[in-house]
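K.L.:
Questions regarding the structure given below will be posed in turn.
Nothing in this text is a laboratory measurement; each read-out follows from the coordinates by a stated rule. Note that this is a predicted model, so its numbers are computed, not measured. We place every Cβ from the backbone using ideal geometry, glycine too, and count neighbours over all the protein chains shown.
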């Protein structure tokens, strides 16, 4: 199995509205997110790639246009936009573009990661 990953960055705010009163995540706050998309294939294409990294430009455009410097609760119309939620949402975007997509990881802080891998 061949696997490739590519990392993307964006900054955005969110609020976990359903957290108990006094929980720090219930307050409006922001993160410098890191997203890593993983693609895998048993076979390489005619150029020797799982997917040419330049073909991932639609993901960069989606992140830059729809997520970067936005309030994620408004973007997704959801009160609990957690890293786990983001990982699955971005995975679904990627899977719709590249069948080789096998996982998406999202980091809010240097020490925390959430992953969606069906």
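K.L.:
Restrict the check to region 27-47 and report whether at least one residue is assigned to a loop (DSSP other than H, G, I, E, B) and surrounded by 15 or more Cβ atoms within 10 Å (Cβ to Cβ).
P.N.:
no
K.L.:
Right, next: Quick one: how many residues across region 16-26 are loosely packed, with under 13 Cβ neighbours inside 10 Å and touching a residue at least 24 places away in the same chain (Cβ under 8 Å)?
P.N.:
1
K.L.:
Still on this structure, please answer the following. For residues that are assigned to a helix (DSSP H, G or I), in contact (Cβ under 8 Å) with a residue 24 or more places away in the chain and under 14 Å from residue 6 (Cα atoms), tally how many sit in region 48-68.
P.N.:
Selection size over region 48-68: 7.
K.L.:
Out of all the residues in region 48-66, which are surrounded by 12 or more Cβ atoms within 10 Å (Cβ to Cβ), over 18 Å from residue 102 (Cα atoms) and out of contact with any helix residue (DSSP H, G or I) (no Cβ under 7 Å at 6 or more places or on another chain)?
P.N.:
Of everything in region 48-66, those that are surrounded by 12 or more Cβ atoms within 10 Å (Cβ to Cβ), over 18 Å from residue 102 (Cα atoms) and out of contact with any helix residue (DSSP H, G or I) (no Cβ under 7 Å at 6 or more places or on another chain) turn out to be 63, 64.
K.L.:
Out of all the residues in region 55-85, which are out of contact with any strand residue (DSSP E or B) (no Cβ under 8 Å at 6 or more places or on another chain) and closer than 14 Å to residue 37 by Cβ?
P.N.:
55, 57, 58, 61, 62
K.L.:
Taking the condition of being assigned to a loop (DSSP other than H, G, I, E, B) and surrounded by fewer than 17 Cβ atoms within 10 Å (Cβ to Cβ), how many residues in region 1-15 meet it?
P.N.:
So the count comes out to 1.
K.L.:
Next question. Are any residues in region 95-114 under 17 Å from residue 9 (Cα atoms) and either assigned to a loop (DSSP other than H, G, I, E, B) or touching a helix residue (DSSP H, G or I) at 6+ places or on another chain (Cβ under 6 Å) (or both), and if so, which ones?
P.N.:
Of everything in region 95-114, those that are under 17 Å from residue 9 (Cα atoms) and either assigned to a loop (DSSP other than H, G, I, E, B) or touching a helix residue (DSSP H, G or I) at 6+ places or on another chain (Cβ under 6 Å) (or both) turn out to be 104, 106, 108, 110, 111, 114.
K.L.:
If a residue has to be touching a residue at least 12 places away in the same chain (Cβ under 8 Å) and surrounded by fewer than 14 Cβ atoms within 10 Å (Cβ to Cβ) to count, how many in region 69-91 make the cut?
P.N.:
Residues that pass the stated criteria total 3.
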